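First up is the structure itself, then whatever we jot down about it.
Nothing in this text is a laboratory measurement; each read-out follows from the coordinates by a stated rule. The model shown is predicted, which means the values in this text are computed figures rather than measured ones. Note that we place each Cβ from the backbone using ideal geometry, even for glycine, and neighbour counts take in every protein chain shown.
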Amino acid sequence: MATITGPAQVDRNDIHDNPWVTLVYLFFVFVPLVFYPRAAGWPLLASLVAIAVFLPLHFRYYRTGPADRAPLVFAVAAIGYLLIPINAGGQTFLIYACAMCAWAFPPQRAVMVASLLLAIMVAEFFHVMPTLRLALGWSGMAVLIAGMVLTGTLFARAKARRDAELRLTQDEVGRLAAMAERERIGRDLHDLLGHTLSLVAIKSELAGRLVDRDPTAAKAQIGEVETVARQALAQVREAVVGIRATGLQAELAAARLALLSADVRLDQRLAPVAPTPAAESVLALGLREAVTNVLRHAGAGRVEVELSARDGGLCLAISDDGRGGAGTTGNGLLGMRERLATLGGTLEIESPPGGGTRLLLKLPPAALEGPSP
């Protein structure tokens, strides 16, 4: 499959069916022969020849882009038209052609082209069938199946496009987040080190001037430089620890995109509380780990995230309706426990088999910057 790099390329080589699996429907080419007394003769040979001609077109269709698929659609339809007078199973190729229309043309045009192909097929059945009943039976069945196949394929194409757009959106969100993070780091380092380094430079220059006239004063200035440098070093370490921290709202946005791409619904309820930066970082990382577990293991269709003030502290509840039975000793969960423990918090897990999973990340009152409203 081609790499998707922009909206204009969303539909390029986006057929997700396996070309070998879809060949199983060729079985229906031979079904009408069961009702023919001459099934072992010319109709059977003509059907085998038709399949031999169809196969190269079928595999070529999966290897080409939308612009090159239209001629293949009409070629496959032509095989069906040529076979129908000999074997009514030739309608199978018209059903293939309708499915191919869904990927070869825009949706409205695909419906129009498929309708035209089917109308020609119906007219042909009425022309070649010996009775009106047979013509109605074979053509009606083919139109019904082709319509269902076309509709299902159009829905599959729409879903593939949505998934591709979600991936593009996730990439864009990641790019913007990385840009914002670089800007934040630049501002933090400027605010943190700008004044400090200016002070160090001034005091060092002053100490250099005093070293001959007043060694004691120079020594005091050097001591102050050392103190300022140590304070700056501690602040830099704190800043580095927080560089990889992500805000809870940003993590929720990333989680929603990731879950949407897997057809999982996310509902959230956030109380108007103000966690400390350290607490928010721990909760955001916990949410990221929980969402990763849902995507990998839970098989869920819905995730609920609730942030609330409980017992004067904070509680982040993350629930899913998946298969449950989650363990409690995975590396991700152990890391989550350790991060919570550094702030005096705890992790509770409720995961009965078949009953989904619920994680409760609890932090003490110290995790709030102020009293909750």
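Considering amide H positions built from the backbone, and no H for Pro or chain starts, which residues 5 or more places from residue 266, or on another chain, come under 5 Å of its amide H?
303
For the range 28-116, state which trypsin sites (Lys or Arg not before Pro) are in a DSSP loop and have at most 14 other beta carbons lying within 10 Å of their beta carbon.
38
Treating only the Cβ of Lys, Arg, Asp and Glu as charged (+1, +1, -1, -1), what charge dipole size does the range 10-163 show about its Cα centre? Round to the nearest 20 debye.
With Lys and Arg at +1 and Asp and Glu at -1, about 160 debye.
Would you work out which of 43, 145, 131 lies farthest towards the positive end of the dipole of the range 10-163? Charges go on Cβ: Lys and Arg +1, Asp and Glu -1.
145
For the range 18-78, which chymotrypsin sites (Phe, Trp or Tyr not before Pro) are in a loop by DSSP, counting at most 13 other Cβ atoms within 10 Å?
In loop regions of the range 18-78 (DSSP not H, G, I, E or B), the sparsely surrounded chymotrypsin sites (Phe, Trp or Tyr not before Pro) are 20.
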